[in-house]
Each structure stands twice: as structure tokens, then as C-alpha cells.
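Data block below; observations after.
The values are calculated or read from the model by the stated rules, or taken from the named source; none is laboratory data. Worth saying up front: this structure is predicted, and the values here are computed from it rather than measured. Glycine also receives a Cβ, built like all others from the backbone with ideal geometry; neighbour counts cover every protein chain displayed. Accessible surface areas use protein heavy atoms only, side chains included; no ligands, DNA or RNA. Shrake-Rupley method; radii C 1.70, N 1.55, O 1.52, S 1.80 Å.
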Amino acid sequence: MDWKKELKNNITNVEQLDQYIDLTEQEKRDIGEIIKKFPMSITRHYMSLIQKENSQDPLRKLVIPSGIEFDSEGVLDTSGECENTKLQGLQHKYGPTALMLSTNACACYCRFCFRKRMVGLTNDEIAKHVDEVAEYLKKHPEIDNILISGGDSLLNDNVIIRRILTHLEKIKSIKYVRFGSRMLAVLPQRLMDPELLSIFHEFSKPIYIITHFDHPREISEETIEAIEILKRSGVGLKNQTVLMRGINDKPEIMVELMNRLVECGISSYYVFQCRPVLGVKKQFQVPFIEGSKIIDETRRRLSGPAKQFRYILSHVTGKIEIIGMIDKDRMLFKYHQAKNEKDNARIFVVNISGEKTWLTEEEVKNIEGVI
């Protein structure tokens with residue numbers, strides 16, 4: 001299958017969607033209005049995984065707009081990405097890591113996307129000149145790795161991916177490269193492209209693809225085939241998951257997902273607390289107390305390799321690990337990575353109400369009970 005031709009068959013409007021799923025007139029109106037602001041794009045591969053007759057199907061919720069997206073609660077930049085931008089398309093928040101926004105497009109637009117402010121809409125935040133990114137990396141030898149993100153970094157043309165890797169090959173301080181991508185879940189044929197695999201093979205430094213699976217049904221037969229090809233090519237695979245209401249907020253679902261990932265040879269290293277993004281907060285966020293119980297029970301049912309992930313809050317001030325409840329009202333947190341040196345490895349306690357889903361910046365800075 002030609003993956004580029006397949007993308008042209010994506011479902012992007014209400015009329016096309018109605019051919020696959022029975023929609024009420026209200027749903028048609030809602031979706032039509034929502035996609036004027038936040039676009040819809042669904043690959044036929046992913047559509048084939050959706051249970052068409054089930055309006056509550058998790059995979060359906062992940063890619064098909066809902067009227068809940070009209071909700072005005074939440075913000076567009078939950079992690080302070082704009083303030084960490086050093087030049088167009090390059091963020092540097094943590095000392096050893098840089099993040100490059102390489103595209104504003106994805107093969108499939110997820111309704112929980114934390115970059116809804118730009119994905120499918122604007123390229124104002126996208127790196128235009130790879131050589132400028134390379135110059136910044138050379139001037140900052142403390143950066144030993146770079147995450148190529150977007151959008152979906154593997155939606156880039158092979159020519160662009162080769163150009164990026166050619167520049168990075170020459171920078172001695174860069175020890176490995178990560179590509180953030182949902183392609184294995186939404187369009188696995190992209191990872192079977194011989195030319196792409198050849199480009200990866202030519203690069204002398206380790207390459208990791210940071211996959212993003214949120215539900216075990218996203219791991220299809222085609223996905224497993226692509227994973228095997230990547231493993232034979234020497235590409236490392238690590239997964240990030242977002243804990244979400246109605247998607248994977250039951251221990252049995254999370255256990256199945258983690259076990260299937262390990263079975264496929266993918267290590268899961270982060271489970272993220274869903275961010276309070278505009279149009280996302282009300283639909284997908286799980287309260288801390290409930291989330292902690294889900295994660296604790298999930299880990300209890302898993303063996304070593306499948307339970308190595310950290311439960312993480314990707315905050316303006318850094319990546320904060322959600323360790324768990326101390327008692328019925330207090331939760332323990334620890335900085336896994338911090339923007340400011342003074343916060344590195346800081347452990348702190350927060351009084352948590354039943355429905356609390358996020359920490360404000362002031363809450364973290366002025367917290368009492370620091371350990």
C-alpha cells in the first residue's frame with residue numbers, strides 16, 4: 001500500500017463520516033461546527049478498528065468529534081511550550097533534551113490532542129530551517145538527544161526525515177534521536193516503507209520511535225507486522241499512554257494494553273495524566289484520586305517488564321511523577337524532570353479533593369509540606 005495515496009482517502013468531513021457510522025442529525029451539526037475550529041481526519045485503517053454500532057466505543061471517542069468539545073474550560077498550551085521555544089520549531093525545557101516541531105499535521109487527528117492550538121491549523125510554530133536547529137544544538141552541547149515531534153514526525157516526507165538525520169549525524173553531542181509518532185496505531189503501513197527503513201539504517205546513532213497506544217484494540221495485525229519489521233531494522237520502540245475517561249480508565253483495559261505492548265517488544269515508560277486542554281478537559285480527564293487507584297491496581301496485576309512505566313503530570317514546571325496517596329486526602333508527587341534546577345527530584349505533598357485533576361503553577365511553587 002502507498003501510504004501517501006492512502007492518506008488522500010482520509011475521512012475529513014461529516015458527509016464522508018456518515019458513510020461509515022450512523023450519525024444523528026444533532027451529531028452531524030455538532031461535528032460540522034467543531035471541525036471548523038479543530039479539524040477531523042481519520043485514516044481508513046483506524047476506521048476499520050472502530051465498533052461502528054457502539055456509540056461509546058473508545059476508539060470512536062479518540063478520533064470522532066463530540067459536542068463536549070464545545071466546552072470552554074481548559075487552555076491551549078498546558079505545558080508552557082511557547083515560553084520554552086528558543087527559535088521557531090525548537091523547544092529547550094530540560095537540559096539534556098531538545099524538542100523539534102517538524103510538522104503541524106498528523107495521519108489521524110486525536111480529539112485529546114494537547115497541541116490542538118496548531119495541529120492541522122497553523123505552521124507558525126514549525127521549524128522551517130533544519131540548519132538553524134542544528135546550529136542551536138551545536139551551541140548547546142549539554143543537549144544529548146532530540147525528540148522530533150509535531151504533529152506526527154513520521155508524516156514528514158522521507159526527504160525531510162533524511163535531511164534532519166543528516167544534520168544530526170554531524171553533531172557529536174547528540175547521542176540518540178527519538179521520533180514521536182502515532183503511525184503504528186493509525187497507519188502502520190507508513191512504517192513498512194523500505195525507503196524510510198533504509199534511512200533509519202544509514203543513521204549511525206540509535207533511533208527510537210516513541211509510539212502512542214491508548215487502547216489494546218489499536219494494536220492490529222498490521223501494526224504487529226510493522227513492529228516486527230522495525231525491530232529487525234534495529235529501531236527501538238517505547239510507548240507513551242494517556243489515562244483517559246471512557247478510554248482506558250479501567251485496570252483491566254490498562255493491564256491488557258501494557259501486556260500486549262510487552263508482548264510486541266515495546267516498553268511503556270510514561271502514562272500521562274490527561275492535560276486540561278480546551279475542549280478536552282471535561283471529556284477525558286480523570287481525577288487524581290481515581291487515576292492513582294487505577295494505576296496502583298494496574299501495576300498490582302502486572303509483572304516487572306510491563307509495570308516499569310511512570311504515572312506523569314506534564315506540567316509547566318516539569319514532568320512531575322504522581323507517586324500515590326499518603327492517606328485519603330493527601331497525594332505524594334516527585335519531580336521526574338524539572339525546568340528549574342531547584343526543583344530537580346523535589347518531593348512534595350498536595351491536599352487532593354475528590355475531583356481534582358491538575359495542579360496550578362502557583363500550587364506547585366508555593367506548596368506546603370515539602371519533603
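Taking all C-alpha pairs of segment 124-171, those more than 18 Å from each other amount to 27 percent.
From the P(r) of the chain, could you give the percentage of C-alpha pairs in the tail past 33 Å? Result for the distance tail: 28 percent.
For the chain, the fraction of 1.4 Å probe accessible surface lying on carbon and sulfur atoms is 49 percent.
Okay, helix-only estimate at 222 nm for the chain: each DSSP H run of n ≥ 4 adds -39500 (n - 2.57), divide by all residues, round to 500 deg cm²/dmol; what do you get?
After summing the helix terms and dividing by the residues of the chain, the value is -8500 deg cm²/dmol.
The residues of segment 1-130 have, on average, 46 Å² of accessible surface per residue, using a 1.4 Å probe with all protein chains present. Here the translational diffusion coefficient of segment 66-188 follows from Stokes-Einstein with Rh set to the Kirkwood radius across Cα pairs; for 37 °C and 0.692 mPa s it amounts to 216 µm²/s. Segment 142-255 gives an Rg/Rh value of 1.00, both radii derived from C-alpha positions and Rh following Kirkwood. Cross-link partners of K339 among lysines, defined as those whose alpha carbon lies under 20 angstrom from its own and excluding same-chain residues fewer than eight positions apart: K86, K93, K139, K319, K365.
Do any GluC sites (Glu not before Pro) in segment 45-138 lie in a DSSP loop with no more than 11 other beta carbon atoms within 10 Å, and if so, which?
Qualifying residues, ordered by number: E53.
In plain terms, the chain from K128 to V159 could stretch by 9.7 nm, reckoned as 0.36 nm per residue minus the Cα-Cα distance.
Computed over every Cα-Cα pair of segment 66-134 and binned at 10 Å starting from 0, the pair-distance distribution P(r) comes out as 18, 48, 27, 7, 1 percent. List the relative contact order of the chain as a percent without decimals, with contacts defined as Cα pairs under 8 Å and 6+ residues apart. Answer for the chain is 14 percent. Each Lys or Arg adds one and each Asp or Glu subtracts one; over the other residues with Cβ under 13 Å from the Cβ of S72, this totals 0.
Shape summary of segment 48-87, radius of gyration then Dmax from alpha carbon positions: 15.9, 47 Å.
Compute the FRET efficiency between E297 and A345 as 1/(1 + (r/R0)^6), taking r as their Cβ-Cβ distance and R0 = 30 Å, and round to the nearest 0.05.
Calculated transfer efficiency: 0.65.
Full extension of the chain between I326 and N9 yields a length gain of 109.0 nm, computed as 0.36 nm times the residue separation minus the alpha carbon distance.
Here r is the Cβ-Cβ distance between Q56 and Q16 and R0 is 25 Å; the resulting FRET efficiency, rounded to 0.05, is 0.70.
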